[in-house]
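The values are calculated or read from the model by the stated rules, or taken from the named source; none is laboratory data. Predicted model, so just to flag it, every value in this text is computed and none were measured. Glycine gets a Cβ as well: all are built from the backbone with ideal geometry, and neighbour counts include every protein chain shown.
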């Protein structure tokens, strides 16, 4: 039911906010400036690695349909994370995304009573609509709203650690702008969420089981047409009594190998995860976009 409602809502939003002649214009491939579609966030939405931006997946403009796919690896001190996903961009207005996430506890799984290499997994289905403005070509910044339905596949375990549910929905709004003359991108996102560690540890908890407002931001400097560096911040809820949750930070570099392939490396500080402090390490991603 939640997935059907998500599909219905995004179809309605596209119909409402798309230009009146959008469906009548012929489709054309490509057209975006390099790097302006962003990369894929951990939850599959286009933007930065930690947070979505008000951009739409793929290389399409308002006259096309685009597609992107990503593979992401995060290696921190005691855990590792992998995700893979795809996203479709429709006329640079509507984005539909899917990501499958795996979080491996490695040796810490033994200390947590789960067993060595116990892995949590989660599926995320998302939708985003750009409501107004444009990242590059409009005086008004790009403004988008999005929703992400998350289903954790380890319900019994996340409830055992204090989570109230194994599924949840995040809602967010993003504002993004590329100041082309200065080659600087700024983006901010406000998110409503109950998710513990993105939902990998479930939703809600013994400390709090209500939606909280979280803030996310990105800043990037495009050193050339192909190469950009920057940093991100993402505030996090702290719902579980058993495991404090810290805010996240990263410093990244993204390079467009060609029009279709972007490689990203980042140093990420994820703080305390599942009772273990100091989780810092590398974020690596390869994204293909058409």
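What to note about this one:
- Of the set (1) touching a residue at least 24 places away in the same chain (Cβ under 8 Å); (2) crowded, with 24+ Cβ neighbours inside 10 Å, all apply to residue 38 but (1).
- Scanning the range 194-228 for residues that are touching a strand residue (DSSP E or B) at 6+ places or on another chain (Cβ under 6 Å) and closer than 19 Å to residue 95 by Cβ gives 216, 218.
- Within the range 113-128, restricting attention to residues that are in a loop (DSSP other than H, G, I, E, B) and in contact with a strand residue (DSSP E or B) (Cβ under 8 Å, 6 or more places away or on another chain), the residue that is farthest from residue 155 (Cα to Cα) is 117.
- Taking the conditions (1) buried (at least 17 other Cβ atoms within 10 Å of the Cβ); (2) farther than 18 Å from residue 40 by Cβ; (3) at pLDDT 95 or above in turn, residue 243 satisfies each one other than (3).
- Filtered residues of the range 95-112 (kept if surrounded by fewer than 24 Cβ atoms within 10 Å (Cβ to Cβ) and in a strand (DSSP E or B)): 96, 98, 100, 102, 103, 104
- Test: residue 135 is under 19 Å from the mean Cα position of the chain (by Cα), modelled with pLDDT of 95 or more and outside any strand (DSSP E or B): yes
- Some residue of the range 70-84 being in contact (Cβ under 8 Å) with a residue 12 or more places away in the chain, assigned to a loop (DSSP other than H, G, I, E, B), in contact with a helix residue (DSSP H, G or I) (Cβ under 6 Å, 6 or more places away or on another chain) and over 24 Å from residue 215 (Cβ atoms): yes
- Here residue 156 fulfils each of the conditions (1) assigned to a loop (DSSP other than H, G, I, E, B); (2) out of contact with any strand residue (DSSP E or B) (no Cβ under 9 Å at 6 or more places or on another chain); (3) more than 26 Å from residue 252 (Cα to Cα) apart from (1).
- Residues located in the range 75-89, provided they are buried (at least 21 other Cβ atoms within 10 Å of the Cβ) and under 19 Å from the mean Cα position of the chain (by Cα): 81, 83, 85, 87, 89
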